[in-house]
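What follows is a short report on a single structure.
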Amino acid sequence: MPLLKAAFKCKLISKDLHVLPKAFSNCYGLLLIIIILGFSLVDVPKRLSSKLDLQVEYKHKLMRISWYNFKLEELQYDLEFKLEVFKNDLANIDNDYIKKKFNQLIKNLPFKPKGDIECAYTEEVKGELKLERIEKDILNYLHIKLKYERALHKVYFMKRLNERLNNEGARKLSFHEYIYYKYLRLYILTPFFFSAVLLSSVILLSEFLNPSDHSIAILQATLQFLTPFKFVFIFNVFLVYGFYLIVHGILKSKFQGFKGLAFNNYTNVQSLIYFSRNISRMTAPACFNIFQILRLRESNFRVIMGATDSIPLFGDSFMKIAPLLLVILLLFKYFNIYSKVLIFIGIKEYDFNDLKDNLEAVEEGRAIVEATINDEKTAVK
Amino acid sequence: MLAFVCYATIALPLIYLLVNNLAVKTATLASKLLFTIAWFITLTALFILNIDVYQSIIKPLPGSDSTNPEFLLKMDNEYYQAHEPVNLIQYWRVFYWSSLLFGYVVFTILEEYESQGSGKSIFAIWLDYYKKRLPFFITIITFVVCFLTYAFVKGSLQM
């Protein structure tokens, strides 16, 4: 007891206890931000550049359609079996709620289970076939079907547009449509692309200069030419872009259970939890990082944050290492080193560069689109 | 305070409508409200960040000579003298700890609750959660104990 009293009298311990959870959460949040920025800082400008050329965008959409079609076939095969087995077992379940919910779930599916499959399945499989699991699988299937239909709709539009731009087809484009798609579109989208590149470069540079004293010189030089209102306006442009990069990174992450966000009640609760949890964990460290970059030590945020330099490794030391990690991750993403490492090891199934040209997928996508158009024409006749 | 209440009155329903449009129809009201509050906290933190950055830059920069009028050249002196800086410490404290509470505790419980389905108490869900991740928590506790020992030894040597 006297030892504990002595320990708590010592300001070092009582102060550090207070700062310890902040330092941990700050460090973890910052690590997540660095990983996401290392991906998004390259990915967002790359995606914008692929939209500049209509032909390139058309090819990428065809590749998407090919991937969605493959995924839908896989999910349908798996789901049909599970639904058949579950429906077969439903007769033995004396629970009206489960029966009602099951019928509600299969209402929107294009295929309906008959329930006449007979197979001996193990207790483990029985456990897997819970209603919650089936609901997740159905939602996943419907989600990908929605994305597939949207991509198909976009491809139809681009195919017709292509034909009209080349003066093929019965209906020609109007004058202003022709001018927009042939000439103006490129001039409107190009500034967005260059803005993204500029903003990404400035964010990368500011993170890299964070530990050094050069940032304060840049800030002083900037304030000489701008009024505080103009400075805050420009700051907000970077803030909104930075927030967009983080959201883009989270939405593109392919962790198990996260299926992305979709309107019209297609997002499952697990995906919303994943998204909200990561945003909540990253907000406070992002604010801390911004104040570090701007070197604003007299802010109110700094007062509640306290000094983290007394915590070993997770305090200020991590702040100095993090920017170097960002540069390494950025180079890995830009030169697609992740995929090359996986191919070197022998794992060829995963490819982290979904904008890479894949001629087979393009041809497959084209065949799917032609087949769908022919089916629709036959149905109309 | 009034401005904050007005902002909350407009923002909360809009965010709830967005969450309601995103979430599946089988999602519970409690989970939708939790998402709404979490996103509201994030959005509010961005506004508070703006106010804090603006207030900080209209003061002299750290390390500068505050008596030198050149550093106050472009600063909004009239505004600074006419308005007292807003004390954001309480707002930051509430929103900082709320965002960490949501990020590390609330959504963890909700995720476990959703994955295990209804019928179990929150306490039972918590117990299962810790049992599954025992090695991870042992590592964290070990680190905290080592750090406290280090701080205690350092403090004793200084005394």
### Any hit, region A:266-287, residues being more than 22 Å from the chain's Cα centre (by Cα), modelled with pLDDT of 75 or more and crowded, with 21+ Cβ neighbours inside 10 Å
no
### Message
I want to confirm something. Restricting to region A:339-368 and keeping residues that are of a type in the set (F, W, Y) and at pLDDT below 60, which single residue is nearest to the chain's Cα centre (by Cα)?
### Response
A:F352
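For region A:51-74, which residues satisfy the criterion of being surrounded by fewer than 18 Cβ atoms within 10 Å (Cβ to Cβ) and part of a helix (DSSP H, G or I)?
Within region A:51-74, the subset surrounded by fewer than 18 Cβ atoms within 10 Å (Cβ to Cβ) is A:51-57, A:70-74.
Of everything in region A:51-74, those that are surrounded by fewer than 18 Cβ atoms within 10 Å (Cβ to Cβ) and part of a helix (DSSP H, G or I) turn out to be A:K51, A:L52, A:L54, A:Q55, A:V56, A:E57, A:F70, A:K71, A:L72, A:E73, A:E74.
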### Task
State whether the residues of region A:269-292 include one that is touching a residue at least 40 places away in the same chain (Cβ under 8 Å) and more than 17 Å from A:L30 (Cα to Cα).
yes
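Each row is one residue, and each column tells you yes or no for (1) surrounded by fewer than 15 Cβ atoms within 10 Å (Cβ to Cβ); (2) closer than 30 Å to A:V327 by Cβ; (3) at pLDDT 75 or above.
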{"position": "A:K114", "(1), (2), (3)": "yes, no, no"}
{"position": "A:I138", "(1), (2), (3)": "no, no, yes"}
{"position": "A:I188", "(1), (2), (3)": "yes, no, yes"}
{"position": "A:I203", "(1), (2), (3)": "no, yes, yes"}
### Query
For region A:32-50, does any single residue satisfy the condition of being in contact with a Pro (Cβ under 7 Å, 6 or more places away or on another chain), assigned to a helix (DSSP H, G or I), surrounded by 20 or more Cβ atoms within 10 Å (Cβ to Cβ) and on the phi < 0 side of the Ramachandran plot?
yes
### Message
I'd like the full set of residues that are more than 10 Å from every other protein chain (Cβ to nearest Cβ), within 17 Å of the chain's Cα centre (by Cα) and of a type outside the set (A, V, I, L, M, F, W, C), limited to region B:10-40.
### Response
none
### Task
Go through the residues of region B:111-131 one by one and say whether even a single one is among the hydrophobic types (A, V, I, L, M, F, W, C), modelled with pLDDT of 80 or more and within 26 Å of the chain's Cα centre (by Cα).
no
### Task
State yes or no: is B:L134 exposed (fewer than 14 other Cβ atoms within 10 Å of the Cβ), of a type in the set (A, V, I, L, M) and modelled with pLDDT under 75?
no
### Query
Among the residues of region B:6-47, which ones are of a type outside the set (G, A, S), over 30 Å from A:D137 (Cβ atoms) and surrounded by 20 or more Cβ atoms within 10 Å (Cβ to Cβ)?
B:I41, B:T42, B:T44
### Task
Count, please, the residues in region A:315-345 that happen to be in contact (Cβ under 8 Å) with a residue 24 or more places away in the chain and hydroxyl-bearing (S, T, Y).
1
### Message
Quick check on my filter: what residues within region A:226-260 are within 13 Å of the chain's Cα centre (by Cα) and assigned to a helix (DSSP H, G or I)?
### Response
A:F243, A:Y244, A:L245, A:I246, A:V247, A:H248, A:G249, A:I250, A:L251, A:K252
### Message
Being under 22 Å from A:K320 (Cα atoms), within 10 Å of chain B (Cβ to nearest Cβ) and among the basic types (K, R) is the requirement here; does A:R277 meet it?
### Response
no
### Task
Give just the number: which of (1) crowded, with 18+ Cβ neighbours inside 10 Å; (2) more than 8 Å from every other protein chain (Cβ to nearest Cβ); (3) of a type in the set (A, V, I, L, M) does A:V240 not satisfy?
(1)
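The values are calculated or read from the model by the stated rules, or taken from the named source; none is laboratory data. Just so it is clear, the structure is predicted and the values come from calculations on it, not from any experiment. Neighbour counts run over all protein chains shown; Cβ positions are idealised from the backbone, glycine included.
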